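The values are calculated or read from the model by the stated rules, or taken from the named source; none is laboratory data. Computed from a prediction, not measured in an experiment: that's the story for all the values here. Because the Cβ atoms are built from the backbone with ideal geometry, glycine has one as well, and the counts that use them run over all protein chains shown.
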Amino acid sequence: MAYDFAVGQTNPETFPVEALKAAAMRAIDREHDSFNRYPGAYGHEGLRRLMAERESDREGVSVDPDQIVLTNGSMQAVTLAGQALMEKPGDKVICEEFTYSGTISAYSGIGLDLEGIPLDEDGMRIDALRDRLARLADADELPKFIYTLTTYQNPTGTVMPEKRKRELIEVAAQYDLPVVEDNCYGDVHFEGEKVPSIYAMDESPNQIYICSLSKILGPGLRLGYLLAREPMLSHIAGQRFDAGSNTFAAAIAAEFYSGGVWDHCETANPVLRRKRDLVCGGLAAHADDLCVWSNPVGGLFVWVRLPDDVDIDRLTGIANDREVFFAPGSSFHVKRETVPYIRLAFGHVPEADIIEGIPRLAQSIREARTSNEARAFTTLFD
Ligand SMILES: Cc1ncc(COP(=O)(O)O)c(C=O)c1O
């Protein structure tokens, strides 16, 4: 038995097995000829059309399928954008101080130097961004681009409001910096208004947008995409040498979504929302005197601030002995620093395991402390 809050995966219980089987049969019947050909850099036209509709519907702006390049998961889009925008190893990229661990690995791996900007409840802090850019400009070390998770940020769950997005657009324009907005959780939405994406708010070719099918369908399909305007789109697509992304998976996904992109989200999201409630309710019942945590309005993660006197290695040991697993905050810190946070992924965890696992986690936190004092903070961020 394991209570596994470590890995960010979708909910297997709502994976649409029968509908996908039927879609696969139809796709193979109709499109088998195309499986004999290489897809090319842009990929399956039908799926690009559907994803353009998905973006147009959500964002309320017109999106042309020709602005979309399908990729091998959004991770390939993240990497291609980095490769296209950097000039040499050691170039800087700005991102949130806590960001997706896969991006930290990919960007460090291709030689980018990540500069983390502190977050608050509304995402990347623009005052801190302004200060950092001014300092980097003085040192002639301006970054090549800004990478940001504005919606249901991984790991913190924050959403950047429209006003702050406008400020980000302005600051980026002041230094002529491209912005890569990774919106891969954009449709894992539980409640409240959806905030428009930066891509929809600004027509500059410096705006690059990334999304995925991993979080609304399944990561095993390895289908994601990048949206940009020319000349940026060709510049980024020119970085790929893999002959394009999987037409077979794309054809099945296109067939599956042919009746509309939102139906499956409407089935999957309420279940995820209930799991979010179970995690947050469990923390409120068992860890209120210890921790502060996010209550994300979308996405797959709860970000938990621990008392300062918790030794994370000790906590990991104690929790693992109780079969409880989580991701330590250091995995998401741009410099991999030890920080008093953990991330709880709830998408794939059965409800019964959340109900049993959170009290076990709370007890582990209690035992990993060196005092019995109540926590000394009331907010998620300083
Ligand atoms: C913010 C973010 N971007 C990109 C990815 C990569 O997802 P995929 O390549 O499966 O689309 C993830 C996966 O967890 C993520 O959290």
TODO: All but one of (1) within 15 Å of the ligand (Cβ to nearest atom); (2) over 30 Å from residue 179 (Cβ atoms); (3) touching a helix residue (DSSP H, G or I) at 6+ places or on another chain (Cβ under 8 Å); (4) not polar (S, T, N, Q) hold for residue 70, so report the exception by its number.
DONE: (2)
Open item on the list: Can you tell me which of (1) more than 21 Å from the chain's Cα centre (by Cα); (2) within 16 Å of the ligand (Cβ to nearest atom); (3) assigned by TED's automatic domain parsing to the domain that holds residue 301 is the one residue 268 doesn't meet?
Closed with: (1)
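Checking the conditions here, which among 75, 86 is within 12 Å of the ligand (Cβ to nearest atom) and not basic (Lys, Arg)? Quick ask: steps written out before the conclusion?
On the way: 86 fails: within 12 Å of the ligand (Cβ to nearest atom).
Answer to the selection: 75.
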TODO: Would you mind telling me which numbered condition in (1) at pLDDT below 95; (2) surrounded by 17 or more Cβ atoms within 10 Å (Cβ to Cβ); (3) farther than 30 Å from residue 33 by Cβ residue 308 fails?
DONE: (2)
Task: Selection within the range 59-71 - at pLDDT 95 or above, more than 12 Å from residue 237 (Cβ to Cβ) and in a helix (DSSP H, G or I) - done: 65
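Yes/no per residue for (1) in a loop (DSSP other than H, G, I, E, B); (2) out of contact with any Cys (no Cβ under 9 Å at 6 or more places or on another chain):
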{"residue": "196", "(1), (2)": "yes, yes"}
{"residue": "204", "(1), (2)": "yes, yes"}
{"residue": "209", "(1), (2)": "no, yes"}
{"residue": "214", "(1), (2)": "yes, no"}
{"residue": "224", "(1), (2)": "no, no"}
{"residue": "230", "(1), (2)": "yes, yes"}
{"residue": "234", "(1), (2)": "no, yes"}
- [ ] For residue 152, state whether it is more than 11 Å from the ligand (Cβ to nearest atom) and at pLDDT 95 or above.
- [x] no
Open item on the list: If I filter the range 147-157 for residues that are aromatic (Phe, Trp, Tyr), touching a residue at least 60 places away in the same chain (Cβ under 8 Å) and in a loop (DSSP other than H, G, I, E, B), do I get at least one hit?
Closed with: yes
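Which residues, counting only those in the range 96-113, are within 14 Å of the ligand (Cβ to nearest atom) and either in contact with a helix residue (DSSP H, G or I) (Cβ under 7 Å, 6 or more places away or on another chain) or not charged (D, E, K, R) (or both)?
Of all residues in the range 96-113, those within 14 Å of the ligand (Cβ to nearest atom) come to 96, 98-107.
Across the range 96-113, the qualifying residues are 98, 99, 100, 101, 102, 103, 104, 105, 106, 107.
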Open item on the list: Which residue is surrounded by the fewest Cβ atoms within 10 Å (Cβ to Cβ), if the candidates are limited to the range 1-11 and must be away from the ligand (no atom under 15 Å from the Cβ) and either more than 24 Å from residue 359 (Cβ to Cβ) or among the aliphatic types (A, V, I, L, M) (or both)?
Closed with: 1
Task: Long-range neighbours under 9 Å by Cβ, at least six apart or interchain, first residue more than 17 Å from residue 8 (Cβ to Cβ) and among the hydroxyl-bearing types (Ser, Thr, Tyr) within the range 291-306, second buried (at least 22 other Cβ atoms within 10 Å of the Cβ) and modelled with pLDDT under 95 - done: none
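So which residues in the range 214-261 are under 30 Å from residue 145 (Cα atoms) and small (Gly, Ala, Ser), if there are any at all? Show your work before the answer.
Of all residues in the range 214-261, those under 30 Å from residue 145 (Cα atoms) come to 214-246, 250.
Answer for the range 214-261, where residues must be under 30 Å from residue 145 (Cα atoms) and small (Gly, Ala, Ser): 214, 218, 220, 224, 228, 234, 237, 238, 243, 244, 245, 250.
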Open item on the list: Give all pairs with beta carbons closer than 9 Å in which a residue from the range 4-19 that is in contact (Cβ under 8 Å) with a residue 40 or more places away in the chain and farther than 9 Å from residue 347 by Cα meets a residue that is surrounded by fewer than 18 Cβ atoms within 10 Å (Cβ to Cβ) and β-branched (Val, Ile, Thr); count only pairs at least 6 apart in sequence or on separate chains.
Closed with: 13/271; 14/267; 14/271; 16/267
TODO: Considering only residues that are surrounded by fewer than 22 Cβ atoms within 10 Å (Cβ to Cβ) and within 11 Å of the ligand (Cβ to nearest atom), look in the range 218-231 and name the one that is nearest to residue 42 (Cα to Cα).
DONE: 222
- [ ] Scan the range 232-243 for residues that are within 16 Å of the ligand (Cβ to nearest atom) and surrounded by 19 or more Cβ atoms within 10 Å (Cβ to Cβ) and jot them down.
- [x] 236, 240
- [ ] Take the range 332-343 and flag every residue that is surrounded by 20 or more Cβ atoms within 10 Å (Cβ to Cβ) and not in a strand (DSSP E or B).
- [x] 332, 334
Task: In the range 158-194, the residues that are within 16 Å of the ligand (Cβ to nearest atom) and in a loop (DSSP other than H, G, I, E, B) - done: 158, 159, 160, 183, 184, 185, 186, 187, 188
